[in-house]
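Bear in mind that the values in this text are calculations on the coordinates, not laboratory data. Computed from a prediction, not measured in an experiment: that's the story for all the values here. Cβ placement follows ideal geometry from the backbone for every residue including glycine, while neighbour counts extend to all protein chains displayed.
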Ligand code: PLP
């Protein structure tokens, strides 16, 4: 049996998404910037997709910028806001957390050369940044807070509305990377109080290489890609029309089925976790807590009890048909202890032995039974024999 439990890395395109995209790769091929009917017809559909996305997060269509995915949306937002903040307010500090996705961490580093500094807050042992912790770091130089909604490795959920209430008192902007929550959790940018967010289609059964940035109107923003006047002059380049149509269709399906999908993966995660605890209660640590996303389960193996070899563990599962990840998929290929697992306080030797199981709409209870069976053999294979 082959079981795909790496849905936080990417998902397969939903058949209805593919169906919606195909005409835009065939007969509806016009360039949305063209004046003639081929272009105009496509432009109408593009704007319709923008309205659909805006509707799902309670934003205005003019606040949505289509991008090539989550990474670009993050770069678009952080560069766009940070560079204008320097000239307009002179406040040069961005606060973020140590366990953000690399797309955020490395973009923040790239801003150093522009004189913009960042401070990475240590999360609590469950991976969260609490408003109480944040309070200690706020200063007159803070311009922006960048905090992810749901963590991609351990699934912990940051208390974004509480963070934005605090930031609002000091006129500090808040950006939240919502790549792992869009389409899985209700997102209302007004209720959450965020000024910017990023999202990606391929995490919710849409195509790869497309996503969007939400930026609240009136937020100071630089252009990101220079060239054409697309995306209100801020992101030049002919739009990925089929991808954007796919993103909107994927979002539609995800929103329609949000509650039932949530309950489905929650039941699978609980079933799996229960089985794992029966296998070995003392040798397995759960990263994060019960309030985390049901889509993600991260566990670390106690290095005193297990032979920790992250690559060997992944390969063992792969040979047995089980696809999981040992951390952020975007890092796969390089096997080193994840900054997230170390960030929540796990020792390097235990952090090395971490597996992320991420559940999706196509997973079944039968599959989980098979994975538990495989884990039973896995435990025997990797446990230290004295
Ligand atoms: N942010 C988070 C939390 C993610 O999980 C990912 C992808 O894994 C990204 C950003 C990057 O998104 P994309 O793959 O669309 O560039």
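Shape verdict for the stretch 9-57, please, from the Cα gyration tensor: rounded (a/c under 1.5), prolate (a/b greater than b/c) or oblate.
Details: a/c = 2.84, a/b = 1.41, b/c = 2.01.
In terms of gyration-tensor shape, oblate.
Which parts of the stretch 279-317 would a label at residue 349 reach, counting a residue when its backbone N lies under 12 Å from a point 7 Å out along Cα-to-Cβ? Counting backbone N atoms under 12 Å from the label point, the list is 302-308. FRET efficiency for the pair residue 1 and residue 267, taken as 1/(1 + (r/R0)^6) with r the Cβ-Cβ distance and R0 = 22 Å, rounds to 0.70. Listed from fewest to most Cβ neighbours within 10 Å, the set 305, 192 follows the order 305, 192. The mean sequence separation of alpha-carbon pairs under 8 Å and at least six residues apart, normalised by the residue count of the stretch 9-131, gives a relative contact order of 14 percent.
Show me 113-120, 59-66 ranked by packing, highest mean number of other Cβ atoms within 10 Å first.
On the way: 113-120: 14.1, 59-66: 19.5.
Highest to lowest by the protection proxy: 59-66, 113-120.
Between residue 41 and residue 208, take the C-beta separation as r, use R0 = 35 Å, and let me know the FRET efficiency to the nearest 0.05.
Numbers: r = 26 Å, r/R0 = 0.73.
So, using R0 = 35 Å, E works out to roughly 0.85.
For the chain, the relative contact order works out to 23 percent when only alpha carbon pairs closer than 8 Å and six or more residues apart are counted.
For the stretch 51-103 and the stretch 340-386, compute the distance between their C-alpha centroids and round to whole Å. With the stretch 51-103 and the stretch 340-386 each reduced to a Cα centre, they are spaced 34 Å.
A simple spin-label model places pseudo-atoms 7 Å from Cα toward Cβ; at residue 12 and residue 373 they are separated by 2.0 nm.
By the Kirkwood approach, averaging reciprocal distances over each pair of separate Cα atoms, the stretch 98-142 gets a hydrodynamic radius of 11.8 Å. Shape summary of the stretch 167-279, radius of gyration then Dmax from alpha carbon positions: 17.8, 59 Å.
Listing 215, 17, 3 from fewest to most neighbouring C-beta atoms within 10 Å gives 3, 17, 215. Per residue, the convex hull spanned by the Cα atoms of the stretch 74-230 measures out at 119 cubic angstrom. Here the gap between residue 89 and residue 34, fully extended at 0.36 nm per residue and compared with their Cα-Cα distance, gives a gain of 15.9 nm. Exposure proxy for 163, 344, 253: other Cβ atoms within 10 Å of each Cβ, ordered fewest to most, give 253, 163, 344. Here the chain has an Rg and Dmax of 21.5, 76 Å, counting Cα atoms alone. Taken as Cα centroids, the stretch 211-262 and the stretch 160-175 sit 23 Å apart, rounded to the nearest whole angstrom. Applying 1/(1 + (r/R0)^6) with R0 = 56 Å to the Cβ-Cβ distance of residue 381 and residue 257 gives a FRET efficiency near 0.90. In the chain, the calculated helix contribution to ellipticity at 222 nm averages -12000 deg cm²/dmol per residue, counting -39,500 (n - 2.57) for every DSSP H run with n ≥ 4.
Kindly work out what percent of the DSSP beta bridges joining two residues of the chain are antiparallel, to the nearest 5.
Working: 21 of 40 bridges.
Among the beta bridges of the chain, antiparallel pairing accounts for roughly 50 percent.
Name the most mobile residue of 342, 366, 128, meaning the one with the largest mean-square fluctuation, in a Gaussian network model of the chain with Cα contacts below 10 Å. Highest fluctuation among the options: 366.
With the gyration tensor restricted to C-alpha atoms of the stretch 259-386, the semi-axes of the equivalent ellipsoid amount to 22, 17, 14 Å, longest first.
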